[in-house]
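The structure appears right after this line, and notes come after that.
The values are calculated or read from the model by the stated rules, or taken from the named source; none is laboratory data. Model, not experiment: these values are computed from the prediction. Counting neighbours? That spans all protein chains shown, and the Cβs are built from the backbone with ideal geometry, glycine included.
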Amino acid sequence: MVVSTKMALDGAHAAARAMQQINPDVLAAYPITPQTAIVQTFSQYVADGEVDTEFIAVESEHAAMSACVGAAAAGGRVMTATAANGLALMWEIVYIAASMRLPIVMAVVNRALSAPLNIHCDHSDSMGAREAGWIQLYSETAQEAYDNLIQAVRIAEHPDLLLPVMVMQDGFITGHGLERMEVLEDSAVRDFIGTYKAKYSLLDIDHPITFGAWDMYDYYFEHKRQQTDAMSKAMKVIVDVGEEFGKISGRSYGIFDAYAMDDAELAIIVLSSTAGTARTSVKELRAEGVKIGLLKPRVFRPFPAQEFVDALKGVKAVAVLDRSISFGAMDGAGPLFLEVCAALFAAGLKTKVVNYIYGLGGRDIFPQHFAQVASDLQDITATGKVKSLVSYLGLRE
Amino acid sequence: MPKQKATWKETNIAGLVFEPGSSAEYHTGTWRTLRPVHDMEHCTHCMLCWVYCPDSSIIVEDGRWMAFDYDHCKGCGICASVCPAKVKVHEHTGKEGKVIQMVLEQD
Ligand code: SF4
Ligand code: SF4
């Protein structure tokens, strides 16, 4: 039976609430806008005795992730949260956490990287970390941010994976936007995640062990191969956990959220909160007879290449929207576009794909932008020609 | 420890090491380009080289200098630098200088 309470929460408080119910052994974090509300709220839970967590208030994000690595190597269930420059400051240890195969779960409230200084949403922070070896889940709403965090614990700790997971939500838009959502009972969350018994622990003095040892050219390569193998097993685990989560919440999760895709000839691909605007626009365009659909990936790492190929079969033209730029990439495209192109090319699909960069530094995106995208896609299918591979939405040209 | 040259499927996850002190099995001496050589006759057994060697590669028994551990000596030359004892004609190099001198590894 699903028992849940309807509440009005913003994304940051929803994430903090998930963390309170997860009740991790250790949480080490440093405040940074727009993530601050997560650790601030969580530290209140600590002060009020609502969790058993050892909260480590550190002097920087580099220290936060270092403390997480130490605590996870000691066998703890460990969480943290960050955004933008905080994630950038963690960088070195973000890679180390993944390579040491430590199932740390981190909430990321997406924010533009400096400079110029900006605290608003784009995906440059987490997209920059896309090669770090973390599983990446993107959330559209506070509800999804909450649900994804709970699932992330199970995904990260799965014995086939032992990989850290980042759960993203859009800064301010989701992070600070109040939303009606459902919170599960504490017991339901705790039963779902179970207790964590690390296979290897620094505190297991009967079985002394060295983590992060020197690894030369004669073994480093083999360990990287293992790491990428674990990542290749993640998709199945993510799908299984998403289905199981549906049983306790009534909300099942897969790799995508597909809207109006069944007979779609045109498709829009976009991550996170913008999918909400996109869905409304697709609905309006459908009412006007445009055969357009929306594909919102929830999983970016591992990249669901085959799943994209399957989902886009029969589609004639695709627009991929990116909230970050891969500077110096082909035509200055965004990372989501590049990966979609690679997946379709490798599968031999000749689908026309174009890229739109939008929303940098918190720039709003409106339904008329989607109308423009749809009209561009119609031109492409009519003429067979792509006028502009990478375009900008909402930019003063 | 995994067997020598384990495949990626066999090797320990994340390079974990399950045996304490197993770094002794890793022969860091293979990196050496310079090799310390010692003149036993003129050694005063002052143990300064033993104190300073960063890789514990001076083997000592009963307070007396015995040998270099060439499996782990990385050839840094610190022992040769700190050795206070002088020789006119070194047992190995034939040169005037210290009791520990550095020679090219391939010589
Ligand atoms: S050369 Fe360096 S490593 Fe080798 S014995 Fe001398 S001090 Fe030790
Ligand atoms: S420092 Fe020189 S004299 Fe002293 S023990 Fe070492 S080799 Fe002998």
Legend entry - Residue satisfying all of: in the range B:92-103; closer than 20 Å to residue B:47 by Cβ and within 18 Å of the chain's Cα centre (by Cα); farthest from ligand 2 (Cβ to nearest atom) among these: B:102
Inset, instruction - Confirm whether residue A:201 is outside the structural domain of residue A:379 (by TED's automatic domain parsing), exposed (fewer than 15 other Cβ atoms within 10 Å of the Cβ) and polar (S, T, N, Q). - result: no
Inset, instruction - Within the range A:1-22, track down each residue that is more than 21 Å from the chain's Cα centre (by Cα) and assigned to a loop (DSSP other than H, G, I, E, B). - result: A:1, A:2, A:3
Inset, instruction - Pick out the one residue from A:171, A:128 that is farther than 26 Å from residue A:195 by Cβ and touching a Lys or Arg at 6+ places or on another chain (Cβ under 6 Å). - result: A:171
Inset, instruction - Would you please name the residue that is nearest to residue A:62 (Cα to Cα), looking only at residues in the range A:24-40 that are under 21 Å from the mean Cα position of the chain (by Cα) and not hydrophobic (A, V, I, L, M, F, W, C)? - result: A:30
Inset, instruction - Scan the range A:183-197 and report the pairs whose first residue is part of a loop (DSSP other than H, G, I, E, B) and whose second residue is acidic (Asp, Glu), with Cβ atoms within less than 7 Å and a gap of 6+ or a chain change. - result: A:196/A:157
Legend entry - Single match in A:228, A:277 (criterion: under 23 Å from the mean Cα position of the chain (by Cα) and within 14 Å of chain B (Cβ to nearest Cβ)): A:228
Legend entry - Total residues in the range A:98-139, condition in a loop (DSSP other than H, G, I, E, B), crowded, with 24+ Cβ neighbours inside 10 Å and acidic (Asp, Glu): 1
Legend entry - Residue ID - surrounded by the fewest Cβ atoms within 10 Å (Cβ to Cβ), chosen from residues in the range A:231-243 that are within 14 Å of chain B (Cβ to nearest Cβ) and in a helix (DSSP H, G or I): A:232
Inset, instruction - Starting from the range A:135-148, take each residue that is over 25 Å from residue A:101 (Cβ atoms) and list its partners that are among the aromatic types (Phe, Trp, Tyr) and buried (at least 24 other Cβ atoms within 10 Å of the Cβ), counting only C-beta distances under 9 angstrom and pairs at least six apart or across chains. - result: A:144/A:138
Inset, instruction - All but one of (1) within 14 Å of chain B (Cβ to nearest Cβ); (2) buried (at least 18 other Cβ atoms within 10 Å of the Cβ); (3) under 27 Å from residue A:300 (Cα atoms) hold for residue A:220, so report the exception by its number. - result: (2)
Inset, instruction - Would you tally the residues in the range A:162-180 being assigned to a strand (DSSP E or B), over 20 Å from residue A:36 (Cβ atoms) and touching a helix residue (DSSP H, G or I) at 6+ places or on another chain (Cβ under 7 Å)? - result: 1
Inset, instruction - Go through the range A:202-217 residue by residue and tally those that are farther than 21 Å from residue A:133 by Cα and either more than 8 Å from chain B (Cβ to nearest Cβ) or among the aliphatic types (A, V, I, L, M) (or both). - result: 6
Inset, instruction - Answer yes if at least one residue in the range B:1-23 is surrounded by 12 or more Cβ atoms within 10 Å (Cβ to Cβ), of a type in the set (Gly, Ala, Ser) and within 14 Å of ligand 1 (Cβ to nearest atom), and no otherwise. - result: no
Legend entry - Criterion (more than 13 Å from ligand 2 (Cβ to nearest atom), hydrophobic (A, V, I, L, M, F, W, C), more than 11 Å from residue B:36 (Cα to Cα) and surrounded by fewer than 17 Cβ atoms within 10 Å (Cβ to Cβ)) met by exactly one of B:60, B:89, B:51: B:89
